[in-house]
Amino acid sequence: MHSNSNSGAGIRVGVDVGGTNTDVILVAGDDEYIFKTPSTDDPSVSTVTGITEICKIADIDPSDVDQVLHGTTVATNALIENEGAETGLLTTKGFRDVLHIGRHRKPHSFSLQQTIPWQENPIVKRRHRKEVTERIQPPGEVITPLDEDEVLQATEELVADGIESIAVCYLHSYLNRDHETRTKELIHEHYPDILVSTSSEVVAQFREFERFTTTAINARLEPVMSTYLNRLQERLTEEGFDAEVLIMQSNGGMASVQNVAKKPVTTLVSGPAAGVLSAEFEGNNVGKPNLIMLDMGGTSADISVIPGRVLERDPRDSTVGGYPTISPMLDIATIGAGGGSIAWFDGAMGFNVGPKSAGANPGPACYALGNDQPTTTDAQVVLGRIDPQTFLGGNLDLDPSLSRDALQTQLCDRADQVRFETPERAALATLEVANTNMYRAIREQTVQRGYDPREYTIVAFGGAGPMHAASIADELEVGAVLIPPSPGIASARGLLTGNVKYDYQQTVSSPLEEVDGNFIDEAFDALVARGRAQLERDEIDDSQWSFRRSIDCLYEGQGYELNVDFDSTDGDWHGRVRERFEAKHETEYGHYFENDPVELLNLRVTAVGDIQSYVPASLDEGDEDPSAAQTTESTVYFGTSDAPAEMTVPRFDREELKVGNAISGPAIVDEFDSTVVVHPGWTATVLANGSIELQKGD
C-alpha cells in the first residue's frame with residue numbers, strides 16, 4: 001500500500017495477474033495507490049478482490065472507477081496445461097493432418113527421443129478433424145465450390161461427439177474468405193450454441209500449419225476466455241463497479257472485452273507484454289532508449305530487449321507452450337526463475353534452481369505455509385537482504401528460521417562441498433545459479449542476436465528483480481540498472497501506459513516490382529476500414545485514431561520475411577520499399593543481396609486508439625545526503641559461496657528518499673513490494689521520476 005503524486009484525470013485501475021501475486025495500481029487525479037494480493041486458482045477472484053481492496057484504501061466508491069485495465073494469464077495457462085474446450089476442425093479435403101505433420105523443422109533437430117507438443121498433445125484430436133470438399137487457389141479463385149451438405153454433416157458428427165468449439169481452416173482462405181464465412185454462417189444457423197473460429201478472421205496469412213494451429217488454439221480457448229470474462233464482469237458488477245474493462249493483448253495494445261472474448265489467442269503473452277510497455281515507459285522518462293527488461297516475479301523471469309523500440313517476436317520463433325502461433329506478440333523470453341524458484345539437487349547431485357516453484361501457496365519456506373524446500377526468497381532472507389519486518393509492508397509475517405532450516409536440511413546436510421557448508425554459503429550458491437540462468441537468457445536475447453548489452457541499461461522490476469539486477473549487470477558488463485517506483489507492480493503500471501491496438505493483415509505474395517500501386521492502396525484502405533470499424537465499436541473518439549501501415553518482404557526463395565514501414569505509393573515506391581527492406585536485412589543478418597528479386601508477402605495495418613495517458617509520480621527535491629531516509633543497520637552477506645563477506649550495511653526506506661539522494665553500496669533500500677540491493681562498488685541515485693539508478697563505480 002502506497003500513494004504518490006500523479007497528474008491526470010479520471011479514475012483508472014491496472015490489474016496484472018501473475019503466477020504468485022495479483023498486482024493492482026489505482027490512479028485518481030493526483031494520487032496513486034498500489035496493492036498486492038495472492039493470485040487465486042480462479043483469477044477473477046483475486047482480480048476483483050484486488051480492485052475492491054484498493055478502492056477501500058483510496059476511499060473511492062466502486063461506481064466512480066472509470067476504467068479497469070487487465071493483464072491476464074488465463075489463455076496462456078489453459079494452453080500450457082492442455083486445458084480448454086473440446087475442439088473440432090473443418091478443413092479442405094486432403095489436409096486433415098496438417099495439424100499433426102507440421103513442418104520438417106522440429107523443436108530439436110537431432111533428437112530421436114524428443115516430444116513434439118502438437119503431436120503429443122494435439123490441439124484437436126484426429127477423430128475431431130473433418131474434411132470438406134472445397135478448393136480455392138491463388139489469387140483467390142474458386143476451383144471447387146463449397147459442399148454445404150458436407151459442412152452440416154461434419155458439424156453434426158462433431159456436435160454429437162461433444163464438441164463445443166470449431167475451427168474452420170480452408171486452404172488459401174487468406175486470399176478469399178467466402179468459403180470460411182459461409183461455413184460459419186451454416187454452423188450458426190443450425191447450431192447457434194457452437195462457437196466458430198475461422199482462420200481468415202483469426203490470422204489471415206499464408207503458412208497453413210501455423211495458420212491452422214493458431215486458429216485451432218483460438219477455438220479451444222474461446223469458451224475458456226468467454227467464461228472467464230463473463231465471470232469477471234459479474235463479480236465486478238456485484239461489487240458495484242460499472243467501469244470500462246480493457247484487456248492487454250500480446251501485441252502490447254489494449255482491446256475490448258468483446259474482441260478478446262472472440263480472439264483469446266491475442267492474449268497469450270498478455271501479462272509480460274505490459275511489463276515491456278512499463279520498461280519502455282521507464283526508459284523514455286529518463287532518456288535511455290536502449291533497454292533490457294528483467295521482470296522477475298514469484299514464478300518466472302521475463303526478458304525483452306528494447307533497442308530504441310519495442311520488438312515483435314519473429315514468426316520463426318513464435319511459439320507458446322511449444323505450439324507455433326503467428327498472432328502478433330511482443331518479443332519476450334520467459335524462464336523459470338523467480339522468488340519462489342526452488343533450489344534442489346537432482347539424482348546425480350547436480351545443483352539446480354528452478355524451474356520448479358513454490359508459487360504463492362505454500363510459497364517460500366519462510367511464509368510458514370507448509371513448504372520445506374528452499375527458494376531464492378529464502379536465500380535472500382538468510383543473507384539478511386530481505387527484512388522480515390518490512391516485507392509487503394509488514395502485512396506478511398516471515399519466519400527467517402524456517403529459511404535457514406530449509407537450506408540446512410535440503411542443501412547443506414546433503415552436500416559435502418565447501419559452498420554448502422553453511423546456510424549462508426548455500427544461499428549465495430542459490431543466487432549464483434539463479435543469476436547465471438538469467439544471465440544466459442539475456443545473452444541469448446542480446447549477444448546472440450547482435451545487440452551489445454554494454455550499450456544498454458537494465459530495467460529491473462517484479463518483486464525479485466531489484467534484488468538480482470546488479471549481480472546480473474556485473475556479469476554482462478552493463479554499467480547501469482533502473483529500478484522503477486514500486487517495482488513489484490511495474491507490469492500493472494505498464495497497463496496504464498498502453499493504447500487500444502488491433503492488427504490486420506492481408507497476404508499478397510507477389511514479386512515486388514509487379515505489384516500495382518492502385519491495388520496496394522485499395523488493400524490498405526480495406527484493412528484501415530476494418531480498424532476504423534473496431535475503434536468505432538470501442539467508442540474511441542476518431543481524433544485519437546492512428547494507423548501504421550507496413551509490409552512484409554523477403555528475397556524470393558527465403559523462408560521468412562522482414563517487416564518494414566510503408567508510407568505511400570507516390571513516386572518510386574517500389575524502390576523505397578526495397579531500400580528499407582535491404583537496410584533491415586543488413587541490420588538483422590549483416591548483409592543483403594543487391595540484385596536478388598524481392599517478394600512482397602503481406603500488407604499490415606496496426607490501428608491504434610490513444611486512451612488516457614499515464615503521468616508518472618514526482619518526488620520532492622533533495623540533496624545527495626540520504627541519511628534522513630535511513631531506518632537502521634543490519635548484517636548482510638555479499639561475496640560468493642566460496643568466499644562469503646559478512647557486512648554491516650545501512651537500510652533505507654524508499655518512500656522517504658528524495659530526488660538527488662545518492663546511496664553508496666553496500667546498502668539495502670526497503671519498500672512495500674520489493675527490496676533494492678545496492679552491492680559494494682555500486683551507487684544508487686534517486687531520479688526525478690522516483691526511479692533509482694544503480695551505477696557501477698570505476
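The values are calculated or read from the model by the stated rules, or taken from the named source; none is laboratory data. Everything numeric here is computed off the predicted structure, so don't read it as measured data. For neighbour counting, all protein chains shown are included, and Cβ atoms are generated from backbone atoms with ideal geometry for every residue, glycine included. Surface areas here come from the heavy atoms of the whole protein model, side chains and all, with no ligands, DNA or RNA. Shrake-Rupley method; radii C 1.70, N 1.55, O 1.52, S 1.80 Å.
Below are the figures for this structure:
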quantity	calculated
Selection from the stretch 336-351 of residues that are open to solvent by less than 40 Å² (accessible area, probe 1.4 Å) and outside any loop (DSSP other than H, G, I, E, B)	S341, I342, A343, F345, F351
Condition met for Y592 (surrounded by 12 or more Cβ atoms within 10 Å (Cβ to Cβ), part of a loop (DSSP other than H, G, I, E, B), touching a Pro at 6+ places or on another chain (Cβ under 8 Å) and on the phi < 0 side of the Ramachandran plot)	no
Matching residues in the stretch 358-373 - criterion: being touching a residue at least 12 places away in the same chain (Cβ under 8 Å), under 15 Å from S403 (Cα atoms) and under 27 Å from the mean Cα position of the chain (by Cα)	A358, G363, P364
Output for the stretch 658-670, where each listed residue is of a type in the set (A, V, I, L, M, F, W, C) and open to solvent by 20 Å² or more (accessible area, probe 1.4 Å)	A662
Whichever residue in the stretch 621-652 is touching a Ser or Thr at 6+ places or on another chain (Cβ under 9 Å) and open to solvent by 70 Å² or more (accessible area, probe 1.4 Å) and, among such residues, is nearest to P484 (Cα to Cα)	E624
Filter result for K125 (over 31 Å from the mean Cα position of the chain (by Cα) and either basic (K, R) or open to solvent by less than 60 Å² (accessible area, probe 1.4 Å) (or both))	no
Filtered residues of the stretch 267-302 (kept if surrounded by fewer than 24 Cβ atoms within 10 Å (Cβ to Cβ) and hydrophobic (A, V, I, L, M, F, W, C))	F281, V286, L291
Test for E655: is it out of contact with any Ser or Thr (no Cβ under 6 Å at 6 or more places or on another chain), assigned to a helix (DSSP H, G or I), open to solvent by 70 Å² or more (accessible area, probe 1.4 Å) and touching a residue at least 40 places away in the same chain (Cβ under 8 Å)	yes
Residue in the stretch 370-388 that is basic (K, R), touching a helix residue (DSSP H, G or I) at 6+ places or on another chain (Cβ under 9 Å) and under 23 Å from V676 (Cβ atoms) present	yes
Residues satisfying the stated conditions in the stretch 311-334, i.e. of a type in the set (V, I, T) and open to solvent by less than 40 Å² (accessible area, probe 1.4 Å)	V320, T325, I326, I332
Which numbered condition L694 fails, given (1) open to solvent by 20 Å² or more (accessible area, probe 1.4 Å); (2) within 21 Å of Y456 (Cβ to Cβ)	(1)
Scope the stretch 145-183; condition surrounded by 18 or more Cβ atoms within 10 Å (Cβ to Cβ), of a type in the set (D, E, K, R) and either free of Cβ contacts under 8 Å to residues at least 60 places away in the same chain or on the phi > 0 side of the Ramachandran plot (or both); matching residues	R177, E180
The stretch 461-489 - residue that is of a type in the set (V, I, T) and closer than 18 Å to D653 by Cα and, of those, modelled with the lowest pLDDT	I489
Residue within the stretch 132-150 that is over 26 Å from N176 (Cα atoms) and over 31 Å from the mean Cα position of the chain (by Cα) present	no
Candidates E539, E599, E586, E582 - the one that is of a type outside the set (G, A, S), open to solvent by less than 60 Å² (accessible area, probe 1.4 Å) and free of Cβ contacts under 8 Å to residues at least 24 places away in the same chain	E582
Residue within the stretch 81-101 that is open to solvent by 20 Å² or more (accessible area, probe 1.4 Å) and polar (S, T, N, Q) present	yes
Out of I34, I25, I60, sole residue that is open to solvent by less than 40 Å² (accessible area, probe 1.4 Å) and in a loop (DSSP other than H, G, I, E, B)	I60
Test result for A460, in a helix (DSSP H, G or I) and touching a residue at least 40 places away in the same chain (Cβ under 8 Å)	no
Within the stretch 157-180, considering residues that are in a helix (DSSP H, G or I) and closer than 18 Å to K130 by Cβ, the one nearest to the chain's Cα centre (by Cα)	E180
Which numbered condition Y637 misses (of (1) farther than 30 Å from P666 by Cβ; (2) touching a Leu at 6+ places or on another chain (Cβ under 8 Å))	(1)
Count of residues meeting criterion [open to solvent by 30 Å² or more (accessible area, probe 1.4 Å), in contact with a Gly (Cβ under 8 Å, 6 or more places away or on another chain) and either basic (K, R) or at pLDDT below 85 (or both)] in the stretch 352-361	1
Strands (runs of 3 or more DSSP E) fully within the stretch 184-283 counting 3 or more residues that are more than 26 Å from L158 (Cα to Cα) and in contact (Cβ under 8 Å) with a residue 24 or more places away in the chain	244-248, 254-256
Filtered residues of the stretch 542-579 (kept if open to solvent by 30 Å² or more (accessible area, probe 1.4 Å), assigned to a helix (DSSP H, G or I) and touching a residue at least 24 places away in the same chain (Cβ under 8 Å))	Q544, H574, R578
Selection within the stretch 215-266 - open to solvent by 20 Å² or more (accessible area, probe 1.4 Å) and touching a Phe, Trp or Tyr at 6+ places or on another chain (Cβ under 8 Å)	N259
Test result for Y504, within 26 Å of the chain's Cα centre (by Cα), in contact (Cβ under 8 Å) with a residue 24 or more places away in the chain and surrounded by 19 or more Cβ atoms within 10 Å (Cβ to Cβ)	yes
Qualifying residue in the stretch 263-279 (condition: of a type outside the set (G, A, S) and either more than 19 Å from the chain's Cα centre (by Cα) or at positive phi (or both))	no
